[in-house]
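**Q** This structure is in structure tokens; I'll ask about it shortly.
The values are calculated or read from the model by the stated rules, or taken from the named source; none is laboratory data. Being a predicted model, the structure only gives us computed values, none of them experimental. Positions of Cβ are generated from backbone atoms using ideal geometry, with glycine treated the same way; all protein chains shown enter the neighbour counts. Remember, those area values only see protein heavy atoms, side chains included, never the ligands or the DNA or RNA. Shrake-Rupley method; radii C 1.70, N 1.55, O 1.52, S 1.80 Å.
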Amino acid sequence: MAIQRTCLAIVLAAGEGTRMRSARPKVLHAIAGRSLLAHVLDAVREAGGTMTAVVVGLGADAVAAEARRIVLDAEIFVQAERRGTAHAVLAAKAAIARAPDDVLVIFGDTPLIRPQTLTRIRGALAEGAAVVVLGFRAKDPTGYGRLVLEGGELLAIREELDASPAERAIKLCNGGLMAFAGPTALAILERIGNDNRKGEYYLTDAVTIARAMGHKAAVIETEEDDVRGINTNAQLAETGAVLQQRLRQAAMEGGVTLMAPETVFLSSDTKFGREVIVEPFVVFGPGVTVEDNAVIRSFSHLERAHVGKGAMVGPYARLRPGARLQEDVHVGNFVEIKEAVMEAGAITCNYDGVAKHRTEIGKNAFIGSNSALVAPVKIGDGAYVGSGSVITHDVPAAALALARARQVVKDGWARRLRQRGSLGKRGTPTK
Ligand code: UD1
Ligand code: CA
């Protein structure tokens, strides 16, 4: 499908998430190293969203800031009072009035929505529907709006509270996400009233209104995981687990060997090269890149770190933000590195044949090529270890440590050797 159409995505994020019993706004809770809001905004961007409006509650500055961090030009609209999903959408009226081709309405607390699902919804708009509803077959439909169909046509969405017993038996539910053809969106939305059991302005009423106006309403069906909403900490954990499955699957399909996938935790932005091996029990926080042929051994924890080609990390290594391991660096057990560069061939030697010891490498330290750090040892912040050093003692902050044999130069020595035809008895230089 050639998507040349413009698309406004309205993300509803005015919910407080009281059931999570947290001071943090609901959409700022994170799974796989990113806020719920960031997941939704990423999906919108990947589906070709050209304009983004985020509807936040009063005083939700942190939510607005997170939205702008992800989408620089996101427009923020404040819904001062929560009077229903249609009321929330109309908070972004000024954006809808610019008549984009497509208007997508997405909840900020459904982070697993996939870009391809959004693209399918946009496809239905392109084919002439004025309203598109994302439906799914619920294992347990309790609490969801039900999709009332007749002869394959969507007649209405009935909220649970307002549904008849026969309607409540319907398993096909409203996932919450809806889309509108831009030119007719406002006319439909502004006709929505609040004559229902809750006295709220229901976005779902758009279906009957559009039909009464002679427009077409369509349903796109998806799997339940796509529309998982988060209201509680338990749902946050379950949804996080589903996302981990997706990320592990994608990593393995990309050629990464996960020896025990269910014990490896990834972030949405974890990047792997080819032929990478990850042993059991490894945690990848946000911002980690692992290049080709690297091996991450068990019980390692990495965050905003870079692992170069062929490098070996762990077991029991901690790479903190700014740790950069260049090609072929080996960091062994009980190592902690932050904001420091380890050059090619550097090794942390933390096992003395009997016990294991700790190596700590501080901020802005630089470990030159082919150095060996023999633990227990601490390299202070900003220290510089010259290449080829074997470090056995702590290096203070900002100091230079050179621990290698001094170079010996003997003029003409090699020429004399060739003239004589052999080295001395012990094979060592004589004069
Ligand atoms: C909504 C749908 C229901 C669907 C379900 C799927 C309506 C009327 N009902 O019900 O058919 O099955 O989602 O999960 O749309 N919000 C605001 N401001 C408001 C009201 C809501 O920003 O004034 C936001 C909430 O923070 C939330 C989202 O909109 O992210 C959905 O609102 P919620 O009250 O949870 O709707 P449901 O009752 O779950
Ligand atoms: Ca809900």
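**Q** When the Cα centres of region 325-363 and region 28-55 are compared, how far apart do they sit, in Å?
**A** If we compute the Cα centre of each part, the gap is 37 Å.
**Q** Considering the dipole of the chain built from charges on the beta carbon (Lys and Arg +1, Asp and Glu -1) around the Cα centre, which of PHE107, MET312, LEU172 is farthest to its positive end?
**A** Going by the charge dipole, the pick is MET312.
**Q** Right, here's the next one. Taking a ≥ b ≥ c as the square roots of the eigenvalues of the Cα gyration tensor of the chain, is the shape rounded (a/c under 1.5), prolate (a/b larger than b/c) or oblate? Kindly include the intermediate steps, with their values, before the conclusion.
**A** Numbers: a/c = 3.08, a/b = 3.02, b/c = 1.02.
Since a/c reaches 1.5 and a/b is larger than b/c, the shape of the chain is classed as prolate.
**Q** Return the carbon/sulfur percentage of the accessible area of the chain, one whole number, probe 1.4 Å, all protein chains in place. Could you put the intermediate results ahead of the total?
**A** Numbers: 10470 of 20850 Å².
Roughly 50 percent, rounded to a whole number.
**Q** At 1.4 Å probe size, with no ligands or nucleic acids counted, give the accessible surface of VAL283 in Å², nearest ten.
**A** The accessible area of VAL283 comes to roughly 60 Å².
**Q** Moving to a separate point now. Read phi for every residue in region 292-309 and hand back ³J(HN,Hα) as whole Hz from Karplus 6.51 cos²θ - 1.76 cosθ + 1.60, θ = phi - 60°, with x for Gly and Pro.
**A** My calculation for region 292-309 gives 3, 6, 6, 10, 10, 8, 3, 6, 9, 10, 10, 8, 6, 10, 10, 10, x, 3 Hz in order.
**Q** Counting only residues 5 or more places away or on other chains, whose amide H sits under 5 Å from the amide H of ILE31 once H atoms are built in the peptide plane?
**A** Sorted by chain and number, the residues that satisfy this are LEU36.
**Q** Once the piece of chain linking ASP381 and LYS171 is laid out straight, how much longer is it, given 0.36 nm per residue of separation minus the C-alpha distance between them?
**A** Working: separation 210, 0.36 × 210 = 75.60 nm, distance 6.07 nm.
Additional length available on full extension: 69.5 nm.
**Q** Of TYR144, THR119, LEU189, whose Cα points farthest to the positive end of the dipole of region 103-200 (charges on the beta-carbon: +1 Lys, Arg; -1 Asp, Glu; origin at the Cα centre)?
**A** Ranked along the dipole, the leading option is THR119.
**Q** Please figure out what share of the DSSP beta bridges in region 55-172 is antiparallel and state it in percent, rounded to the nearest 5. Show your work: numbers first, answer last.
**A** On the way: 6 of 9 bridges.
DSSP beta bridges in region 55-172 are roughly 65 percent antiparallel.
**Q** I need the peptides 207-216, 116-125, 299-308, 404-413 ranked by packing, meaning the mean over residues of other C-beta atoms within 10 angstrom, with the highest value on top.
**A** So the peptides 207-216, 116-125, 299-308, 404-413, ranked by packing, come out 299-308, 116-125, 207-216, 404-413.
**Q** For region 1-129, take every pair of Cα atoms, bin their distances at 5 Å starting from 0, and report each bin as a whole percent.
**A** Spelled out per bin, shortest first, that is 2, 11, 22, 24, 21, 12, 6, 2, 0.
**Q** Could you work out which residue, out of LEU402, LEU12, LEU134, moves most in a Gaussian network model of the chain, that is, has the largest mean-square fluctuation with Cα springs under 10 Å?
**A** Fluctuation is largest for LEU402.
**Q** Charges at C-beta only: +1 for Lys and Arg, -1 for Asp and Glu. How large is the resulting dipole of the chain about its Cα centre, in Debye rounded to 20? Don't skip to the answer; put the middle values down first.
**A** Details: 53 positive and 47 negative charges, 504 e Å.
Magnitude of the dipole: close to 2420 debye.
**Q** Taking θ = phi - 60°, what integer Hz values does the Karplus form 6.51 cos²θ - 1.76 cosθ + 1.60 yield along region 280-285, in sequence order, with x for Gly and Pro?
**A** x, 6, 10, 10, 9, x
**Q** Please label the shape of region 166-221 as rounded, prolate or oblate, based on the square roots a ≥ b ≥ c of the eigenvalues of the alpha-carbon gyration tensor (a/c under 1.5 means rounded; beyond that, a/b larger than b/c means prolate, else oblate). Numbers along the way, then the final one.
**A** Values: a/c = 1.87, a/b = 1.21, b/c = 1.55.
Oblate, because a/c is 1.5 or more while a/b does not exceed b/c.
**Q** Which helices pass in the chain if a helix is a full DSSP H run, must span at least 27 angstrom along its long axis by Cα, and must have mean Kyte-Doolittle hydropathy not below -0.5? Numbers along the way, then the final one.
**A** Working: long enough: 233-253 (30 Å, -0.39).
Helices meeting the criterion: 233-253.
**Q** Let me ask you something else. Please list, in chain and number order, the residues 5+ apart from PHE107 or on another chain whose amide H is under 5 Å from its amide H, with Hs placed from the backbone.
**A** LEU12
**Q** Next question, about the same structure. In whole Å, what is the distance between the alpha-carbon centres of region 187-204 and region 150-183?
**A** 14 Å
**Q** Okay, next question. Taking amide H positions as placed in the peptide plane 1.01 Å from N, state which residues far from ASN333 in sequence (5 or more) or on other chains have amide H under 5 Å from it.
**A** The answer is ASN350.
**Q** How large is the accessible surface of LEU247 in square angstrom, using a 1.4 angstrom probe and rounding to the nearest 10?
**A** 40 Å²
**Q** If you take every DSSP beta bridge whose two residues both sit in the chain, what share of them, in percent to the nearest 5, is antiparallel? Kindly include the intermediate steps, with their values, before the conclusion.
**A** Details: 19 of 86 bridges.
Taking every DSSP beta bridge within the chain, about 20 percent pair in antiparallel fashion.
**Q** Another question about this same structure. Could you tally the net charge around VAL331, taking each other residue with its Cβ under 11 Å from the Cβ of VAL331, Lys/Arg +1 and Asp/Glu -1?
**A** Numbers: positive: ARG297, ARG318; negative: GLU336.
Net charge around VAL331: +1.
**Q** What is the sum of charges around PRO286, taking Lys and Arg as +1, Asp and Glu as -1, for the other residues whose C-beta is under 10 Å from the C-beta of PRO286?
**A** Values: positive: ARG34, ARG304; negative: ASP269, GLU303.
Net charge around PRO286: 0.
**Q** Along region 367-373, what does the Karplus equation 6.51 cos²θ - 1.76 cosθ + 1.60 (θ = phi - 60°) give for ³J(HN,Hα), rounded to whole Hz, x for Gly and Pro?
**A** Karplus values, whole Hz, x for Gly and Pro: 10, x, 3, 6, 9, 10, 9.
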